[in-house]
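Visitor: Here it is, the structure in full.
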Amino acid sequence: MAALQDPHQNHLLDALLKADYDRLSPYLELVEMPLGEVVCESGSKLKHVYFPTTSIVSLLYVMEDGASAEIAVVGNEGILGIPVFMGGETTPSRAVVQSAGHSYRLKAQLLKNEFNQAGPLQRLLLRYTQALMAQMAQTAVCNRHHSVEQQLCRWLLLSIDRLPENELIMTQELIANMLGVRREGVTEGAGKLQSLGLINYRRGHISVLNRAGLEKRSCECYQVVKTEYDRLLPAFHDIAH
């Protein structure tokens, strides 16, 4: 599988001008991202940034009692580690691999140096950061106001947008932890979606069978987030210039 990996599978890396990409590419390191691995812990200083290619990473807020809820997902459209170039260095969220795969990592200082050149790469990363902030804000609203079934639909759609296939390897317990809801609620929601023929769930494998149907059952939050990403990052090369 590793032999099939290419940095250009990540949209941000693919969007870089050739000169910028050529400067960074020798330092990009391919790493495996196993399901459930904690990429960075809350409050820890980031030594690397990650550009996912075939993996998805969840950003989670964890409470004192251990309860958690997902605030955003990062996949092949983006970068994990925005505090590095935004000046914060650390983040109160925990980053956990939601869908196993690969990623390219880069030493944090190298990216910071490039960002501080105030060129096309900086503009690209700032646009992406705004899109990520929109996703975080919409997720907070969704978690507060929409049903578990609607949240599940949004979560599935955001996930498969970042994967080459319409299948996720994910237990209901993990989904419940991501959404910050009880497992019974996820079981009920997944069961309903399966009975409608929208998904197939078996032994930790979720296959999306009817994407259009899933979009209809979802709240507006999925489309709001997707529209914002498309607006801010419509044609990556245009942004870079």
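Visitor: Please return the ranges of strands (runs of 3 or more DSSP E) entirely within region 1-88 where 2 or more residues are under 19 Å from the mean Cα position of the chain (by Cα) and under 26 Å from Thr139 (Cα atoms).
Guide: 38-40, 48-52, 56-62, 68-74
Visitor: Sort through Leu28, Leu46, Leu35, Leu59 and tell me the only one that's of a type outside the set (Lys, Arg), in contact with a Cys (Cβ under 7 Å, 6 or more places away or on another chain) and assigned by TED's automatic domain parsing to the domain that holds Lys107.
Guide: Leu46
Visitor: Quick one: Arg162 ticks every box in (1) more than 26 Å from Thr227 (Cα to Cα); (2) crowded, with 16+ Cβ neighbours inside 10 Å; (3) outside the structural domain of Gly66 (by TED's automatic domain parsing); (4) touching an Asp or Glu at 6+ places or on another chain (Cβ under 9 Å) except a single one, so which number is it?
Guide: Failed condition: (1).
Visitor: Sort through Gly189, Gly204, Gly180 and tell me the only one that's of a type in the set (Gly, Ala, Ser), surrounded by fewer than 16 Cβ atoms within 10 Å (Cβ to Cβ), modelled with pLDDT under 85 and outside the structural domain of Ser93 (by TED's automatic domain parsing).
Guide: Result of the check over Gly189, Gly204, Gly180: Gly204.
Visitor: Going residue by residue through region 211-222, is there one that turns out to be part of a helix (DSSP H, G or I), surrounded by 15 or more Cβ atoms within 10 Å (Cβ to Cβ), among the acidic types (Asp, Glu) and touching a Phe, Trp or Tyr at 6+ places or on another chain (Cβ under 8 Å)?
Guide: Within region 211-222 (the criterion being part of a helix (DSSP H, G or I), surrounded by 15 or more Cβ atoms within 10 Å (Cβ to Cβ), among the acidic types (Asp, Glu) and touching a Phe, Trp or Tyr at 6+ places or on another chain (Cβ under 8 Å)), the answer is yes, since at least one residue qualifies.
Visitor: I would also like to ask the following. Hey, could you check region 154-189 for residues that are in contact (Cβ under 8 Å) with a residue 12 or more places away in the chain and over 23 Å from Val74 (Cα atoms) and say which is farthest from the chain's Cα centre (by Cα)?
Guide: Here the residue is Glu188.
Visitor: Just to be sure before I move on: is Ser103 of a type outside the set (Phe, Trp, Tyr), touching a Pro at 6+ places or on another chain (Cβ under 6 Å), under 24 Å from Met136 (Cβ atoms) and assigned to a loop (DSSP other than H, G, I, E, B) in the structure I sent?
Guide: No.
Okay, residues lined up against (1) free of Cβ contacts under 8 Å to residues at least 60 places away in the same chain; (2) loosely packed, with under 13 Cβ neighbours inside 10 Å:
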{"site": "Ala19", "(1), (2)": "yes, yes"}
{"site": "Val31", "(1), (2)": "no, no"}
{"site": "Cys40", "(1), (2)": "yes, no"}
{"site": "Tyr50", "(1), (2)": "yes, no"}
{"site": "Ser55", "(1), (2)": "yes, no"}
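Visitor: Mind listing whichever residues of region 125-153 are among the aliphatic types (A, V, I, L, M), over 17 Å from Ala15 (Cα atoms) and more than 16 Å from the chain's Cα centre (by Cα)?
Guide: Once the filter is applied, which keeps residues that are among the aliphatic types (A, V, I, L, M), over 17 Å from Ala15 (Cα atoms) and more than 16 Å from the chain's Cα centre (by Cα), region 125-153 yields Val141, Val148.
Visitor: How many residues are under 13 Å from Gly81 (Cα atoms) and without any contact (Cβ under 8 Å) to a residue 12 or more places away in the chain when one looks only at region 96-132?
Guide: Residues meeting the conditions: 2.
Visitor: Whether any residue in region 125-142 is assigned to a helix (DSSP H, G or I), outside the structural domain of Thr54 (by TED's automatic domain parsing), of a type outside the set (Val, Ile, Thr) and touching a Lys or Arg at 6+ places or on another chain (Cβ under 7 Å) is what I want to check.
Guide: yes
The values are calculated or read from the model by the stated rules, or taken from the named source; none is laboratory data. Computed from a predicted structure; not experimentally measured. Cβ coordinates were reconstructed from backbone atoms using ideal geometry, including for glycine residues, and neighbour counts include every protein chain displayed.
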